[in-house]
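Notes for the one structure printed next.
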Amino acid sequence: MPLGPVRWLVLLLVTISIPVSAAKPKPCLSADQASQMLNKDICITAHVYEVVQLPDGTRFLDICTPQTLDDACRFTIVSLWEDRDEVGELHKYRDADVQVRGIVQPMHGRAGMVLSHARQFYGGPPKFKPNPRLAHGFSADQSNPPINDPNLRHQGAARAFMNTRDQETRPAK
């Protein structure tokens with residue numbers, strides 16, 4: 001049965017509206033709202049009052065007002081030394097409003113976000129960091145898989161879902 005012009009129009013509108021509605025970016029949350037969303041990938045909006053650097057190279061974006069005591073500040077944005085090349089210079093964000101996307105994590109009694117790549121300022125994901133415990137003993141020269149997964153190991157010569165020796169007899173009719 002051929003589609004009439006009205007059905008074609010409805011089909012076209014549905015096809016166009018699905019990707020448009022799926023592509024809407026989520027609105028950014030304040031730091032107070034973000035501190036309640038642990039282990040969620042969200043966007044926060046904040047004003048950077050100061051960029052603090054520790055002697056070990058770790059940098060913090062101080063998003064709490066200068067009048068707020070350090071113990072009362074419930075959210076922080078941290079950039080680690082090993083991510084310095086990917087993040088770049090942070091002093092340019094001092095006294096600026098920023099939007100940062102990342103995963104909110106508990107950090108020493110407060111919530112925080114790790115800034116590991118500059119694309120997080122533009123809605124991009126953090127830098128992928130593989131779990132070193134899963135990749136233990138792996139090198140690119142090996143033909144073994146990069147993880148020690150029991151499901152990937154050889155389980156025996158003629159093993160199948162059910163062992164042929166452990167079959168049950170069917171009841172007679």
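Rule-based calculations on the coordinates, nothing more; no lab input. Note that the structure is predicted; figures quoted are calculated from it, not measured. Reconstructed Cβ throughout: ideal geometry from the backbone, glycine too, with neighbour counts over all protein chains shown.
What are the ³J(HN,Hα) couplings of region 62-73, residue after residue, when phi is run through the Karplus curve with 6.51, -1.76, 1.60 and θ = phi - 60°? Round to Hz, x for glycine and proline.
Values, residue by residue: 7, 9, 9, 4, x, 6, 6, 5, 4, 5, 8, 6 Hz.
In terms of modelled amide H atoms, which long-range or inter-chain residues lie less than 5 Å from the amide H of Thr58?
Distant-sequence amide H within range of Thr58: Trp81.
To one decimal place, what orientation-averaged projected area in nm² is obtained for the convex hull of the Cα set of region 38-99? Don't skip to the end; give the middle numbers.
Details: hull surface 19.9 nm².
With every direction weighted equally, the projected area is 5.0 nm².
Tabulate in residue order the Karplus-calculated ³J(HN,Hα) for region 119-133, using 6.51 cos²θ - 1.76 cosθ + 1.60 with θ = phi - 60°, rounded to whole Hz; enter x for Gly and Pro.
Result, ordered by residue: 5, 5, 6, 10, x, x, x, x, 5, 6, 10, x, 6, x, 5 Hz.
Name the residues of region 42-85 whose amide N is less than 17 Å from a point 7 angstrom out from the Cα of Asp95 along the C-beta direction?
Once the point is set 7 Å along Cα→Cβ of Asp95, 47-52, 62-67 turn out to lie under 17 Å by backbone N, inside region 42-85.
Show the residues, 5+ positions off or on another chain, whose built amide H is closer than 5 Å to the amide H of Leu29.
Residues meeting the criterion, in which the H sits 1.01 Å from N, are Cys43, Ile44, Thr45.
Would you mind putting 118-127, 98-107 in packing order, based on average other-beta-carbon counts within 10 Å, highest first? Working shown, then result.
Values: 118-127: 15.4, 98-107: 17.6.
Ranked by mean Cβ neighbours within 10 Å, highest first: 98-107, 118-127.
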